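Take a look at the structure set out below.
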Amino acid sequence: MEVITSDSSSATAVATTAVAVARQMGQSESFVEEIENAAILHDIGKASWPNKALTQRASWDTRGERYRYVHPDMSAEIATWAGYRASVAEAIRTHHEHYDGSGYMRGLKGNQIPLGGRILLAADAFSSMIHAGDPRFGRTLPETVRELRF
């Protein structure tokens, strides 16, 4: 598995991790290519956000929360408009669904969440924990692995 350095861009780090996970799971190369595309595009909907919404860390106002919750749909729509396969858009759309049903957009749980969405969620969470811009939020590799197991 490739080591991700702290100077990697967020989308590149998520894509590298997602591809490694998909390959480790024995997925086909076409699936690996789709997951890589989905990972690169998973947060592209944030490009339409105002800067304030992108930089808020702790207290989200109502508008900031709205942006947060709709970005998977916005990103999936952009992928669809750009001509990517429906499975790429679906992985993007479901990358904040949690296995226990506590995620968002649709409240899916367990195997209702497409495999691509589950891989993206884990890769995105891994990247966020390891590469947190604020050292107070960064975690070591063992801490991150321990947290992802739960």
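The values are calculated or read from the model by the stated rules, or taken from the named source; none is laboratory data. Since we're looking at a predicted model, the values are computed, not measured. Don't worry about glycine lacking a Cβ; one is built from the backbone with ideal geometry, like all the others, and counts go over all protein chains shown. With ligands, DNA and RNA removed, areas are computed over all heavy atoms of the protein, side chains included. Shrake-Rupley method; radii C 1.70, N 1.55, O 1.52, S 1.80 Å.
Taking into account only those residues within the stretch 106-126 that are more than 13 Å from the chain's Cα centre (by Cα) and of a type in the set (A, V, I, L, M, F, W, C), which is least open to solvent (accessible area, probe 1.4 Å)? Among those that are more than 13 Å from the chain's Cα centre (by Cα) and of a type in the set (A, V, I, L, M, F, W, C), it is ILE113.
Of the residues making up the stretch 75-98, those that are aliphatic (A, V, I, L, M) and open to solvent by 60 Å² or more (accessible area, probe 1.4 Å) number 2. For the structure I just gave you, tell me whether ILE119 is under 18 Å from HIS42 (Cα atoms), modelled with pLDDT of 95 or more and out of contact with any Asp or Glu (no Cβ under 8 Å at 6 or more places or on another chain). So ILE119 fits the description; yes.
This table checks each residue for (1) among the aromatic types (Phe, Trp, Tyr); (2) open to solvent by less than 50 Å² (accessible area, probe 1.4 Å); (3) modelled with pLDDT under 65.
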residue: ASP7; (1), (2), (3): no, no, yes
residue: VAL14; (1), (2), (3): no, yes, no
residue: THR17; (1), (2), (3): no, yes, no
residue: PHE31; (1), (2), (3): yes, yes, no
residue: GLU34; (1), (2), (3): no, yes, no
residue: PRO50; (1), (2), (3): no, no, yes
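When the stretch 38-48 is filtered for residues that are open to solvent by less than 40 Å² (accessible area, probe 1.4 Å) and either modelled with pLDDT of 95 or more or not charged (D, E, K, R) (or both), the ones remaining, listed by number, are ALA38, ALA39, LEU41, HIS42, GLY45.
Selection of the stretch 71-127 for residues being among the polar types (S, T, N, Q) and assigned to a helix (DSSP H, G or I) yields SER75, THR80, SER87, ASN111, GLN112, SER127.
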